[in-house]
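> Got a structure here, written out as structure tokens. Questions coming.
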Number of protein chains: 2
Amino acid sequence: MKLSTRVTGLLNVKYPIIQAGMAGSTTPELVATVSNAGGLGTIGAGYFSSDRLEQEITYLQELTDLPYAVNLFVPSDKLYIPEKVEHMNAWLKPYRRAFNIEEPVINMTEKQQFKDAIDLVIEKGVPAVSFTFGIPEQTVIEKLKERHIKLIGTATSVEEAIANESAGMDMVIAQGSEAGGHRGAFSETASQLTPLIGTMSLVPQMVDQINIPVVAAGGIMDGRGLVASMVLGAEGVQMGTAFLTSDESGASQLYKHAISQSKETDTVVTNVITGKPARGIENEFIHKMNEYDDEIPDYPIQNQLTNALRKEAANKGNAQWTHLWSGQSPRLVQHMSAWALIENVVKQANEIMNR
Amino acid sequence: MKLSTRVTGLLNVKYPIIQAGMAGSTTPELVATVSNAGGLGTIGAGYFSSDRLEQEITYLQELTDLPYAVNLFVPSDKLYIPEKVEHMNAWLKPYRRAFNIEEPVINMTEKQQFKDAIDLVIEKGVPAVSFTFGIPEQTVIEKLKERHIKLIGTATSVEEAIANESAGMDMVIAQGSEAGGHRGAFSETASQLTPLIGTMSLVPQMVDQINIPVVAAGGIMDGRGLVASMVLGAEGVQMGTAFLTSDESGASQLYKHAISQSKETDTVVTNVITGKPARGIENEFIHKMNEYDDEIPDYPIQNQLTNALRKEAANKGNAQWTHLWSGQSPRLVQHMSAWALIENVVKQANEIMNR
């Protein structure tokens, strides 16, 4: 078994390790460190304006000449329903008051923002783009492929993977149920918010059904996870929580501390924080939101409704009222440079493969 | 990497492959075939009277001289609450009528049944016993250990694994969220019925925290799953769904067919069928039971209340009103002898390890 795969070939990187594009928690330093260490760093641009994205890319290009990716959230067709927003605003009022936060103005500029990001990615010659929450329109895919930008899709089920392959993605991330943060899903199951298939089940079933390379994600923290994923047929891994707690990550000390103090049983998948299902450590905020007596507004509305509240709580050192995205392997986090993390993962993987 | 581990040593088997003790679906032929092929077959005795268990062991001993296990359900302290039973009986009435089924008489003989099974296991010199739903009392463990019977615990979290180790289990099964059938859990999490930790997350975190060997379970169907589990630090695997659909299994054709026609997104974890959380293919029965307007009676009561109904539905060829336990990898099931299955798993594992 070798660490050079179709994924390393397509992305032109040394190791088949992708740092997940964790919106809100990546920094140019993190992305550059990962890429300079031989992996693929990813700017988590899901929440970025095009100005902000341009700044990050410009700064990143000073820090590395090696390939990196930009992660974008594919916009949905969700509507702004004033009554739902009013209802949630009324419900959030006492909590906002407690943190001295104003009611936010909601913008529904997702689609324009995505369009601008695509134009910018082309203009800046970004080497790779990864997508979360769906597959962009065919015209967008064609435009990116013409510029030889590598396209990384996200799938939480075999059917989503097949859809990604059909749309022309170069590779697809198999996001297992263990993964922290937003579920990249764009399909629903009868009884659950989104598919929640464990990585051990998802990867081999996906590999058997598609021809493009599969990148495993969910629960992977070290060389054991990397080699296990490759044994299952993946040609690379995407790691989120492991990089979130690295030195270069943009996550606050509060956030990193909460993850390192938590157990594998402490996370839940919930849509109450942003309007999209995501895995994070259960806290007071999630408990209170679970008592909400109506449907949670869709993403991006709920995200904007709770955003300032969560930020202010984090600023005040209150981990109970902010988001604490984490996968199911918090016991395996290590606090070190992303560079050392990649070195350790590769070293352990090589030791296992040579056993 | 080698297939001989502490697990093969302790159990005195050739391969680190345990056939899960699927209550209701094992046959002496299945257990013997697995053991004769070099794995550890397991009599799923969770629902058995001691007479039935004695018959099965006696017959099995004619079919194999090699080690096997008996799986037992550790009794709980749940009470029989007449009002809850009456309420459920009233609710089930129209469905029972449709299948021409009488209201069952509930017995609360779990504890006596477990005690009798332990005595029988000792009397018959059963080589290994695995436990689901908890850890037996210390006196039981000591009695079994005195007879050098190997003890296999089940854990769905690191804390449950530590409890198993402290109690004196020889090894522990790490039951990942992908696993089909009953969750072996005996702890609750704040927001879920039981811990649902993916195998990719659960195994390495468990291996790091205990010294007894870990056996991975959940989503493992082939040589890829076996080697991936061992890379994560497990010293063996337990496979359920893969053996459920084998030729020697006691599962009906209806049941096997339903699994082979299903996708990874078709299962749910529910307590509506037996009163304990278990993963199975979502069907009409689960949908209807989800509409029940009160708390589901505890196991073993709910199991007994719905048992005849499910059996009769299966007899009538109705897969919508029976239980269809399955893990999250139904796309990987193969219809073959359990012997060929083990041969294939080992062959593929060796190929991967020699790559």
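Each value in this text was obtained by applying a stated rule to the coordinates, not by laboratory testing. Computed from a predicted model, the values in this text were never measured in an experiment. Every residue, glycine as well, gets a Cβ built from its backbone with ideal geometry; the counts of neighbours run over all protein chains shown.
> Cross-link candidates for B:K311: which lysines have Cα within less than 30 Å, leaving aside residues fewer than 8 places away along the same chain?
Correct list for B:K311: B:K78, B:K84, B:K93, B:K111, B:K115, B:K256, B:K263, B:K276, B:K288.
> Counting other Cβ atoms within 10 Å, which chymotrypsin sites (Phe, Trp or Tyr not before Pro) in region B:1-62 have at most 16 and lie in a DSSP loop?
B:Y47
> Between the DSSP loop rule and a limit of at most 10 other Cβ atoms within 10 Å, which GluC sites (Glu not before Pro) in region B:245-312 are left?
Answer in residue order: B:E291.
> Give me the three principal axis extents of region B:101-208 from the C-alpha atoms, as integers in angstrom, largest value leading.
44, 39, 21
> Let me ask another. Restricting to Cα pairs below 8 Å that are 6+ residues apart, what does the relative contact order work out to for region B:6-354? Please round to a whole percent.
It rounds to 19 percent for region B:6-354.
> Extending each Cα 7 Å along its Cβ direction at A:E103 and B:Q253, get the distance between those two points in nm, one decimal.
6.5 nm
> Here is a follow-up. Which value at 222 nm does chain A reach when only helices count, each DSSP H run of 4 or more adding -39,500 (n - 2.57), with the total divided by all residues and rounded to the nearest 500 deg cm²/dmol?
Value at 222 nm, helices only, nearest 500: -12500 deg cm²/dmol.
> So what is the relative contact order for region B:236-311, in percent, with contacts set as C-alpha pairs under 8 Å and at least six apart?
So the answer I get is 23 percent.
> What are the nm distances, shortest first, from B:H287 to its equivalents in the other copies, labels at 7 Å along Cα→Cβ?
Listed shortest first, these distances are 3.7 nm.
> Moving on. Among the DSSP beta bridges whose two residues both lie in the protein assembly as shown, what percent are antiparallel, rounded to the nearest 5?
20 percent
> Next up: Could you list the residues of region B:93-136 with an amide nitrogen less than 20 Å from a label point located 7 Å from the Cα of B:D77 in the Cα-to-C-beta direction?
Within reach of a label on B:D77: B:108-115, B:132-136.
> Percent of Cα-Cα pairs per 20 Å bin, from 0 to the last occupied bin, for region A:6-354, please list those.
Using 20 Å bins, I get a P(r) of 32, 61, 7, 0 for region A:6-354.
> Placing a label point 7 Å from Cα toward Cβ, how far apart in nm is B:S166 from its equivalents in the other copies, listed shortest first to one decimal?
So the distances to the same position in the other copies read 5.3 nm.
> Whose amide H sits under 5 Å from the amide H of A:T42, counting only residues 5 or more places off or on another chain, with H placed in the peptide plane?
Sorted by chain and number, the residues that satisfy this are A:Q19, A:A69.
> Under a 5 Å amide H to amide H cut-off, with H placed in plane at 1.01 Å, what residues pair with A:A216 once short-range neighbours are removed?
A:A174, A:E235, A:G236, A:V237, A:Q238
> Between copies, how far does the label point of B:E83 sit from its twins, in nm, shortest first, when each point is 7 Å from Cα along Cα→Cβ?
Nearest first, the other copies' label points are 3.7 nm away.
> For region B:1-99, state which trypsin sites (Lys or Arg not before Pro) are in a DSSP loop and have at most 13 other beta carbons lying within 10 Å of their beta carbon.
Hits after loop and neighbour filter: B:K2.
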